[in-house]
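S.K.: Submitted below is the structure of interest, expressed as structure tokens.
The values are calculated or read from the model by the stated rules, or taken from the named source; none is laboratory data. Since we're looking at a predicted model, the values are computed, not measured. Cβ sites come from the backbone with ideal geometry, for glycine too, and all protein chains shown count toward neighbours. SASA here: full protein model, heavy atoms, side chains in, ligands and nucleic acids out. Shrake-Rupley method; radii C 1.70, N 1.55, O 1.52, S 1.80 Å.
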Amino acid sequence: GVRTRIIDKDSGTPRLSRAVGTQPRTLEMLDAMGILDRFIDVGHVVRRVNLYSGRKRLIQIDHAYCGSDYAFELQLPQQTTEALLLGRVEELGGVLESGTELVDFFDDGQLVSATVRAESGRSRTITAGYLVGCDGAHSRVRKLLDLPFTGQPFPWDFLLADTEIDWQGRADEVHVF
């Protein structure tokens, strides 16, 4: 019953993976939304995650002990996750405005007026009852509110590759080196 308008500076869904693992608690939330089957139909179930330093395995995380009805991590490319979520937003009457950047906003206590700019450079003002910032560590909403990011960056680098490999290991395990 809430009309939703998503403003996204990016001009489209990413073509390469940024995130691939959907955790059990998120799967519970997708189930409560009635759309979990859509994700399971296209995802890959992972039951264990192995973490290594060099050639030494430091730990194995077995989702069987997570206390959820979904005792696994579901792996699927971020662009697939985004497409499935956007499909549900659209089914509910929501709109995505990709290639549109939030420039500024003002909350008068009744409505929020937001200035947005399209990729063409054209600016306009839109109004809404609420503005929700779901834009991560580099949040424009948080910066405009002058709220600091109190988290910490990871002290290591990650490399994620979209590739296929010939692997002798179990298909339901992930290995992080």
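S.K.: Name the residue from F149, V49, I6 whose Cα lies farthest towards the positive end of the charge dipole of the chain, charges +1 on Cβ of Lys and Arg and -1 on Cβ of Asp and Glu.
M.R.: F149
S.K.: Let me ask you something else. How long, wide and thick is the stretch 2-89, going by the Cα atoms along their three principal axes, in whole angstroms, largest first?
M.R.: Extents along the principal axes, in whole Å: 48, 29, 20.
S.K.: How much accessible area per residue does the stretch 80-123 have, in Å², with a 1.4 Å probe?
M.R.: 60
S.K.: Specify whether the C-alpha gyration tensor of the stretch 76-161 places it in the rounded, prolate or oblate class, a ≥ b ≥ c being the square roots of the eigenvalues: rounded for a/c under 1.5, otherwise prolate if a/b is larger than b/c and oblate if not.
M.R.: oblate
S.K.: Can you tell me the alpha carbon radius of gyration of the stretch 119-177 divided by the globular rule-of-thumb value 2.2 N^0.38 Å?
M.R.: This ratio for the stretch 119-177 stands at 1.95.
S.K.: What dipole magnitude, in Debye to the nearest 20, does the stretch 1-144 give about its Cα centre under +1 on Lys/Arg Cβ and -1 on Asp/Glu Cβ?
M.R.: In total the dipole reaches around 660 debye.
S.K.: A further question follows. Can you give the translational diffusion coefficient of the chain in µm²/s, computed by Stokes-Einstein from the Kirkwood radius over Cα pairs at 10 °C and 1.306 mPa s?
M.R.: D = 82 µm²/s.
S.K.: Given the -39500 (n - 2.57) contribution per DSSP H run of 4+ residues, what per-residue ellipticity at 222 nm results for the chain, rounded to the nearest 500 deg cm²/dmol?
M.R.: So the helix-based figure for the chain works out to -5500 deg cm²/dmol.
S.K.: Right, here's the next one. For the stretch 15-111, which trypsin sites (Lys or Arg not before Pro) are both in a DSSP coil and crowded by at most 16 other Cβ atoms within 10 Å?
M.R.: Of the trypsin sites (Lys or Arg not before Pro), the ones in loops of the stretch 15-111 whose Cβ has at most 16 other Cβ atoms within 10 Å are R15, R18, R47, R55.
S.K.: Could I ask something else about it? Dipole of the stretch 74-171, Cα-centred, from +1 at each Lys and Arg C-beta and -1 at each Asp and Glu C-beta, to the nearest 20 debye?
M.R.: 220
S.K.: Still on this model: Would you mind telling me which residue in P24, P153, P77 has the biggest mean-square fluctuation in a Gaussian network model of the chain, where springs connect alpha carbons within a distance under 10 angstrom?
M.R.: Its mean-square fluctuation being the largest, the pick is P153.
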